[in-house]
Each structure stands twice: as structure tokens, then as C-alpha cells.
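Enquirer: Supplied in C-alpha cells, the structure appears directly below.
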Amino acid sequence: MSSPPFRHSLGSKLRLAILGSTLAALALALGATIVYDLRTWHREWIADVQAQADLLGHASAHDLAAGDPRVARQALAIMRLQQRMRGAAIYDRQGRLFADWHADGAAPAPPVRDAAHGTEAGDDLRVNAPIVDRGRTLGSVVVRARDELAARIASYGALALGLVVLALAATWALSSWLKAIVTRPLAAMTDIAREAMQHGVLSRRAAKLGEDEVGELVDAFNAL
């Protein structure tokens with residue numbers, strides 16, 4: 001003879017339903033918020049690095065045209081004031097290094113490729129921008145910055161995990177309260193019905209805890 005299948009109580013089913021719906025709603029809300037914020041932040045960070053590259057290119061155009069790398073190096077060295085900047089370099093029209101700067105412990109900026117103006121992402125964020133003066137392209141400037149997207153994702157993940165734990169704890173307390181309101185009268189009626197069937201005791205009555213559908217069911221049961 002096979003054993004009866006495992007059955008969850010009504011209170012357990014109610015609690016699982018509440019926890020599941022809460023977790024699903026929280027996951028959707030957090031997921032949408034985090035994805036939107038990360039995409040917005042990353043676009044703004046790329047735009048900021050691009051602006052830095054354009055500014056350096058504009059500031060060093062005269063020095064590149066005059067062949068004076070000393071002042072250009074001073075302009076590049078200002079990048080050290082921003083901790084996320086890893087390096088910067090200026091190349092002439094032939095792709096030869098004109099001036100460069102890199103943060104302590106960071107690798108020098110990679111050589112610029114032909115027609116490589118744009119943005120590249122990897123371990124670092126690299127932006128290549130042309131240096132143009134009076135309609136003439138004099139060379140290129142390369143700016144490398146630390147791409148902190150992975151670290152930001154990790155911080156958001158930790159925050160989301162904390163919020164999920166807090167939400168589940170609050171939902172567990174709420175489900176316990178609802179379980180007591182909904183299932184306690186039903187459990188009492190089940191015990192009374194079982195006692196009536198097994199021992200013929202018909203004098204017990206179930207306690208009514210509220211004026212709702214469960215309360216009406218208790219009244220009907222007691223009337224029976």
C-alpha cells in the first residue's frame with residue numbers, strides 16, 4: 001500500500017503564496033530599477049570621459065601643431081586629480097606618441113589605431129578622440145579610465161540582497177498574522193468536526209474571530 005502524498009496545510013500554502021508573490025514583485029521592481037540606473041550611470045560615465053578627451057584634445061591642439069610636448073604633458077597630468085582616470089596620451093597624425101601620462105601602477109595608454117576614434121570597454125574604459133584645429137586633424141588623444149561597472153553591479157547586488165531579506169522578514173511576520181486570522185477558525189472547525197465524527201460530541205462550538213467570510217462560515221458551522 002502506497003503512502004499518502006505529503007500535503008501542505010492551508011496556512012503553509014497561504015504563507016508560500018504571500019512570500020512568493022512578494023518576492024516576485026520585489027524582484028521585478030528591483031531588477032527594473034537597477035538595470036535602468038546602471039545603464040543611465042554607464043552612459044553618463046562614458047559621456048564624461050568623452051568630454052574629458054575632447055577637452056584635452058582642444059587644449060593640446062596648439063602644442064601638437066607647434067611640436068611642443070612639454071605643455072601637453074602638463075595638461076595631461078591634470079587627469080591625476082580624478083582617481084578613476086588611468087592614463088592619457090596624445091598621438092600625432094602619423095600615430096607617433098607625442099605626450100602621455102598614466103596613473104601610478106597603471107599601464108601606459110595603448111597606441112591609437114587608424115580611424116579608431118570612439119569608445120571601447122573592457123577592464124578599462126578607453127576613449128579615442130580626434131584633435132582638430134581649424135578643420136585639420138592633427139592627431140588623436142586617448143583617455144583611459146577605470147570602468148567601475150562591475151563594482152557598481154556588485155554594490156547593487158548587495159543592496160538588493162539586503163532589501164530582499166528585510167522584505168521577506170516583514171512578509172513572514174505579516175503572513176503569520178494572516179495565517180492566524182484565516183486558518184485558526186478553520187483548524188478549530190476541523191477539530192470539532194473530527195471529534196463529532198469519532199466520538200459523537202456535538203456540543204462544541206467554533207470561536208468566531210471576525211465579521212468576514214470566515215466568520216460567516218463559523219456561524220454556519222455552529223448552526224449545523
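The values are calculated or read from the model by the stated rules, or taken from the named source; none is laboratory data. Everything numeric here is computed off the predicted structure, so don't read it as measured data. Cβ atoms come from the backbone with ideal geometry, glycine included; neighbour counts cover every protein chain shown. To get the accessible areas, we keep the full protein, side chains included, count just its heavy atoms, and leave off ligands, DNA and RNA. Shrake-Rupley method; radii C 1.70, N 1.55, O 1.52, S 1.80 Å.
Enquirer: Provide the FRET efficiency to the nearest 0.05 for the Gln94-Ala51 pair, computing r from the beta carbons and using R0 = 22 Å. Show your work: numbers first, answer last.
Expert: Numbers: r = 26 Å, r/R0 = 1.20.
In this case the efficiency is close to 0.25.
Enquirer: Also, quick follow-up: Report the paramagnetic label zone for Asp37: residues of the stretch 147-172 whose backbone N is under 18 Å from a point 7 Å from Cα along the Cα-to-Cβ axis.
Expert: What the label zone holds, given the 18 Å backbone N cut-off, is 148-168.
Enquirer: Mind jotting down the distance between the C-alpha centroids of the stretch 152-169 and the stretch 128-144, whole Å?
Expert: Their Cα centres are 44 Å away from one another.
Enquirer: Might you work out the accessible area of Trp172 for me, using a 1.4 Å probe with all protein chains in place, and round it to the nearest 10 Å²?
Expert: Around 130 Å² of this residue is reachable by solvent.
Enquirer: If you put +1 on each Lys and Arg Cβ and -1 on each Asp and Glu Cβ, how big is the dipole of the stretch 23-104 around its Cα centre, in Debye rounded to 20?
Expert: 120 debye
Enquirer: Top to bottom by accessible area (1.4 Å), largest first, where do His58, His102 land? Each step should come with its number before you reach the end.
Expert: Numbers: His58 145, His102 75 Å².
Output order, biggest surface exposure first: His58, His102.
Enquirer: Here's something else I'd like to know. For the pair Arg70/Ala25, report the inter-label distance in nm, with labels modelled 7 Å from Cα in the Cβ direction.
Expert: With each label placed 7 Å out from Cα toward Cβ, I get 6.9 nm.
Enquirer: On to the next question. Accessible area of Lys179, 1.4 Å probe, to the nearest 10 Å²?
Expert: For Lys179, solvent-accessible area is about 60 Å².
Enquirer: At a Förster distance of 30 Å, what's the computed FRET efficiency of Ala167 paired with Ala193, Cβ-Cβ distance as r, to 0.05?
Expert: Values: r = 37 Å, r/R0 = 1.25.
After rounding, the FRET efficiency stands at 0.20.
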